[in-house]
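Note sheet for the following structure.
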Amino acid sequence: MSKTRRPTMSDVAREVGVTAKTVSRVVNNEGPVSEETRARVLEAMTRLGFQPNLMARNMRVGAPDSTIGLVIPDMGNPFFGTVAGGIESAVRPRGLTLIVGSSEEAAERERSLISTFLARRVSALLVVPAAGSDHRPMRKERSAGLPLVFLDRPASGLTADSVVSSNREGARSGVAHLIAYGHRRIAFIGDAPALYTRRERLQGYRDALSEAGIAYDRSLVEIGHDHEGAAAATARVLALRDPATAVFAANNLAATGVVLGLARLRRRDVAIVGFDDLPLAEVLEPALTVIAQDPAAIGQAAAELLLSRLDGDRSKARSVVVPTRLIVRGSGELLPSRAAAVP
């Protein structure tokens, strides 16, 4: 056999001196094979480095394969990369392989990816819902026992396991932190209103204002999902007649855009608290104060839920909330630059 060619079932059969059908029975655990022959086949498979073609087997027998599908909104967002890493570290020891696809934050593409994963009969499915997605069509799969977990955002129209951050409480504590340093004109820059995370974090923002007796001002609330959008939103809230003295950036991309917008305006007197940590946040001047999520823990918790379902857990759908924490670095501790903003 050539050293560059992958060993086949026929190679294993030839090595042991049996038929390919016998090797197939061992691989698929089907049909009568003596324990002595089974042991010889397994030993030859190990010695030759033979790997069964699980996809081909699944197509023949209609069984789930050893893969888990994960749908995320954005391959370029480091948050979701870390979530995937947390999942993979938990499922790999169980012999499961994680495959990932991006919905690009589009409900139609999410549906297409889910259909693709279901067609290849994945053992389980994890989904970070796109804005505007509808998961009611997945009721049949869930009822049939497919392990299904939603991450970062819960399912829409479907009762299923979910793992989310403490979005509302985290945002409340971040805005309360800015209020404690004297800010009363605090802008909110975040995702599109349709997203669960945006709604929860905006409510936390409003909770903190209400607790401090500060009126909610719609002119201070902006959309800035990407860097440029958040930079433009920053310029707008600073150009108001009664401008913001602080900004709560409700996701990592918005926080990057706020930093970019302030740099373009040469403003270093505006306080910032971001939701979710950023690479190099500590080297900014001032360093960025954040409400840090734990994406690895989110992935780990989702994997644990999923594995428990694979092991036969048929209890009611569960929701896991992963805590956030305030990391104080300097940007959120700047005092208001205008006397009128100081209580």
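Structure values in brief
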{"item": "Scope the range 96-112; condition at pLDDT below 95, crowded, with 18+ Cβ neighbours inside 10 Å and over 11 Å from PRO73 (Cα atoms); matching residues", "result": "LEU96, ARG111"}
{"item": "Filter pass, ARG325 being on the phi > 0 side of the Ramachandran plot and either touching a residue at least 60 places away in the same chain (Cβ under 8 Å) or of a type outside the set (A, V, I, L, M) (or both)", "result": "no"}
{"item": "Residue count, the range 262-320 (criterion: part of a loop (DSSP other than H, G, I, E, B) and over 23 Å from PHE80 (Cβ atoms))", "result": "14"}
{"item": "Selection from the range 265-293 of residues that are buried (at least 20 other Cβ atoms within 10 Å of the Cβ) and charged (D, E, K, R)", "result": "ASP276, ASP277"}
{"item": "Matching helices (runs of 4 or more DSSP H) fully within the range 148-256 where at least 3 residues are more than 30 Å from VAL320 (Cβ to Cβ)", "result": "227-238"}
{"item": "Selected residue (only one of ALA130, ALA124 is in contact with a Ser or Thr (Cβ under 6 Å, 6 or more places away or on another chain), in contact (Cβ under 8 Å) with a residue 24 or more places away in the chain and either assigned by TED's automatic domain parsing to the domain that holds LEU305 or more than 25 Å from GLY190 (Cβ to Cβ) (or both))", "result": "ALA130"}
{"item": "All positions within the range 32-66 that are modelled with pLDDT of 75 or more and touching a helix residue (DSSP H, G or I) at 6+ places or on another chain (Cβ under 8 Å)", "result": "PRO32, VAL33, THR37, ARG38, ARG40, VAL41, LEU42, ALA44, MET45, ARG47, LEU48, SER66"}
{"item": "Filter result for GLU200 (more than 22 Å from SER319 (Cβ to Cβ) and either free of Cβ contacts under 8 Å to residues at least 24 places away in the same chain or of a type in the set (Asp, Glu) (or both))", "result": "no"}
{"item": "Any pair with Cβ under 6 angstrom, 6 or more apart, that starts in the range 283-307 at a residue that is of a type in the set (Phe, Trp, Tyr) and ends at one that is surrounded by fewer than 18 Cβ atoms within 10 Å (Cβ to Cβ)", "result": "none"}
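The values are calculated or read from the model by the stated rules, or taken from the named source; none is laboratory data. Just so we're clear, the structure is a prediction, and the values are computed from it rather than from any experiment. Note that we place each Cβ from the backbone using ideal geometry, even for glycine, and neighbour counts take in every protein chain shown.
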